[in-house]
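Worksheet for the structure shown next.
The values are calculated or read from the model by the stated rules, or taken from the named source; none is laboratory data. In this text the structure is predicted, and so the values were computed from the model without any measurement. Here the Cβ positions follow ideal geometry from the backbone for every residue, glycine too, while neighbour counts run over all protein chains shown. Calculation scope for accessible area: heavy atoms of the full protein, side chains included, ligands and nucleic acids excluded. Shrake-Rupley method; radii C 1.70, N 1.55, O 1.52, S 1.80 Å.
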Amino acid sequence: MSPLTSNSAHLILKLFLVISFFNVCFASRKLTALVQDPQMQLLKYHKGALLSGKINVNLIWYGKFKPSQRAIVSDFITSLSTSTPSNVYPSVAQWWKTTEKYYHLANSKNTLSLSLGKQVLLENYSLGKSLTQKQIVQLASKGEQRNAINVVLTASDVAVDGFCVNRCGTHGSSKGAVIKGKTYKFAYIWVGNSETLCPGYCAWPFHQPIYGPQSAPVGAPNNDVGVDGMVINLASLLAGTATNPFGNGYYQGEADAPLEAASACPGVYAKGAFPGYAGDLLVDKTTGASYNAHGTNGRKYLVPALYDPSTSSCSTLI
């Protein structure tokens with residue numbers, strides 16, 4: 001590459017990065033752009049523990065959700081570890097396998113096995129309809145305190161600090177059970193239903209985007225814009241939780257606002273994706289809805305691209 005070409009390329013990449021800076025979401029599905037250097041691994045391993053062993057994913061429902069909405073999410077969690085018939089491709093379980101590559105890269109002999117745990121229904125809005133991050137952790141603590149990912153899902157009429165402003169959800173960890181003098185940590189995730197407050201921000205591509213290139217929304221695979229959008233964000237945050245559960249695993253950038261396994265590939269769901277276009281998705285012949293992964297109980301889902309550390313690129317199922 002000539003010096004002139006190289007300088008031009010670097011200038012374009014720097015400009016692209018500056019533009020992308022304005023759309024950072026903390027530990028969430030980032031609406032940021034990505035500058036990749038093929039000569040180095042994008043997501044640096046900070047030598048911390050990855051999530052491993054048999055982990056229960058507990059769902060804490062805050063506010064009003066229909067049973068059909070809860071089933072969409074619980075079936076998704078089950079789909080992560082459920083083997084689908086070989087002729088049903090692509091699948092959620094196949095999508096999740098990309099996270100295993102991070103364990104191999106870290107020379108870890110540990111493996112991660114997720115399963116659906118308890119579901120807690122908190123329909124009376126005991127903490128009100130405007131929650132702080134501290135209250136999210138308080139709600140997350142209602143799940144298991146060890147070997148768990150506690151997922152707090154807030155209803156469409158619940159506001160959370162930063163929701164619809166700079167994030168659609170978040171993940172972190174908190175002190176949990178004390179056993180034989182040892183304090184354990186549990187991982188938690190929060191995701192909000194954006195259908196009422198900001199579907200163009202947190203439920204794209206099922207809704208017209210709030211900014212940027214405009215394109216027609218695609219059909220939600222489970223006919224629920226808000227909850228199908230929650231699945232996208234939950235999927236992204238689960239990948240981040242597995243590979244960076246305690247803030248010292250795989251990430252790029254600042255520890256309190258990292259790019260992670262899924263947030264490093266914003267807006268990409270299939271081959272051919274570009275800003276404002278999710279990619280060449282599969283379309284259900286009966287409903288016209290778009291998807292890229294099959295799940296349990298005949299479900300269809302849209303899951304985000306994951307950064308593949310073995311190829312240093314964003315990997316999609318289709």
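Could you list, in sequence order, the residues of the stretch 121-139 that are over 17 Å from Gly169 (Cβ atoms) and either touching a strand residue (DSSP E or B) at 6+ places or on another chain (Cβ under 9 Å) or crowded, with 16+ Cβ neighbours inside 10 Å (or both)?
Applying the first criterion (over 17 Å from Gly169 (Cβ atoms)) to the stretch 121-139 yields 121-129.
Listed by number, the residues that qualify are Leu121, Leu122, Glu123, Tyr125, Ser126, Leu127, Lys129.
Anything in the stretch 293-318 that is among the polar types (S, T, N, Q), touching a helix residue (DSSP H, G or I) at 6+ places or on another chain (Cβ under 8 Å) and surrounded by 15 or more Cβ atoms within 10 Å (Cβ to Cβ)? List them, or say none. Walk me through it before giving the result.
Initial filter on the stretch 293-318 (among the polar types (S, T, N, Q)): 296-297, 310-313, 315-316.
Filter again for touching a helix residue (DSSP H, G or I) at 6+ places or on another chain (Cβ under 8 Å), leaving 296-297, 310, 315.
Of everything in the stretch 293-318, those that are among the polar types (S, T, N, Q), touching a helix residue (DSSP H, G or I) at 6+ places or on another chain (Cβ under 8 Å) and surrounded by 15 or more Cβ atoms within 10 Å (Cβ to Cβ) turn out to be Thr296, Ser315.
Looking at Lys118, Lys142, Lys109, Lys101, which is the one that is surrounded by 17 or more Cβ atoms within 10 Å (Cβ to Cβ) and either touching a Phe, Trp or Tyr at 6+ places or on another chain (Cβ under 9 Å) or touching a residue at least 60 places away in the same chain (Cβ under 8 Å) (or both)? Before you say what the answer is, go through the steps one by one.
Values: Lys118 fails: surrounded by 17 or more Cβ atoms within 10 Å (Cβ to Cβ); Lys142 fails: surrounded by 17 or more Cβ atoms within 10 Å (Cβ to Cβ); Lys109 fails: surrounded by 17 or more Cβ atoms within 10 Å (Cβ to Cβ).
Only one candidate qualifies: Lys101.
So, in the stretch 233-276, how many residues would count as being within 24 Å of Pro213 (Cβ to Cβ) and assigned to a loop (DSSP other than H, G, I, E, B)? I'd like the intermediate steps shown before the answer.
In the first step, residues of the stretch 233-276 are kept if they are within 24 Å of Pro213 (Cβ to Cβ); the result is 233, 235-236, 259, 262-276.
Next, from what is left, pick out any that are assigned to a loop (DSSP other than H, G, I, E, B): 262-273, 275-276.
Of the residues in that region, 14 qualify.
Only helices (runs of 4 or more DSSP H) wholly contained in the stretch 1-100 count here; list those with 1 or more residues that are modelled with pLDDT of 95 or more. Give the derivation first.
Working: elements: 3-21, 67-79, 92-96.
Answer list for the stretch 1-100: 67-79, 92-96.
Name the pairs: first residue in the stretch 298-316 and over 15 Å from Thr99 (Cβ atoms), second residue of a type in the set (Gly, Ala, Ser), Cβ to Cβ under 6 Å, at least 6 apart or on different chains?
The qualifying pairs are Tyr301/Ala293; Tyr301/Gly295.
Every residue, every condition in (1) modelled with pLDDT under 95; (2) in contact with a strand residue (DSSP E or B) (Cβ under 8 Å, 6 or more places away or on another chain), yes or no:
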{"position": "Asn248", "(1), (2)": "yes, no"}
{"position": "Glu260", "(1), (2)": "yes, yes"}
{"position": "Ser263", "(1), (2)": "yes, no"}
{"position": "Val268", "(1), (2)": "no, yes"}
{"position": "Phe274", "(1), (2)": "yes, no"}
{"position": "Asn292", "(1), (2)": "no, yes"}
{"position": "Thr296", "(1), (2)": "yes, no"}
{"position": "Ala305", "(1), (2)": "no, yes"}
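Does Lys271 satisfy being more than 30 Å from Lys185 (Cα to Cα) and buried (at least 16 other Cβ atoms within 10 Å of the Cβ)?
Numbers: more than 30 Å from Lys185 (Cα to Cα): yes; buried (at least 16 other Cβ atoms within 10 Å of the Cβ): no.
No.
Just checking, how many residues over the stretch 174-196 are open to solvent by 40 Å² or more (accessible area, probe 1.4 Å) and either at pLDDT below 90 or part of a strand (DSSP E or B) (or both)? If you could, list the steps in order and put the result at the bottom.
Keep residues of the stretch 174-196 that are open to solvent by 40 Å² or more (accessible area, probe 1.4 Å), which gives 175, 178-185, 195-196.
Right, trim to either at pLDDT below 90 or part of a strand (DSSP E or B) (or both) and you get 175, 178-185.
Looking only at that region, the number is 9.
For a quick check of your reading of the model, give me the residue pairs whose first member lies in the stretch 169-189 and is without any contact (Cβ under 8 Å) to a residue 12 or more places away in the chain, whose second is of a type in the set (Ser, Thr, Tyr), with beta-carbon atoms closer than 8 Å and at least 6 apart or on different chains.
What qualifies is Lys175/Thr183; Lys175/Tyr184; Val178/Tyr184.
Give the residue, chosen from Pro258, Pro245, Pro213, Pro221, that is over 22 Å from Thr286 (Cβ atoms), open to solvent by 10 Å² or more (accessible area, probe 1.4 Å) and either out of contact with any helix residue (DSSP H, G or I) (no Cβ under 8 Å at 6 or more places or on another chain) or in contact (Cβ under 8 Å) with a residue 40 or more places away in the chain (or both).
On the way: Pro258 fails: open to solvent by 10 Å² or more (accessible area, probe 1.4 Å); Pro245 fails: open to solvent by 10 Å² or more (accessible area, probe 1.4 Å); Pro221 fails: over 22 Å from Thr286 (Cβ atoms).
After applying the criteria, what remains is Pro213.
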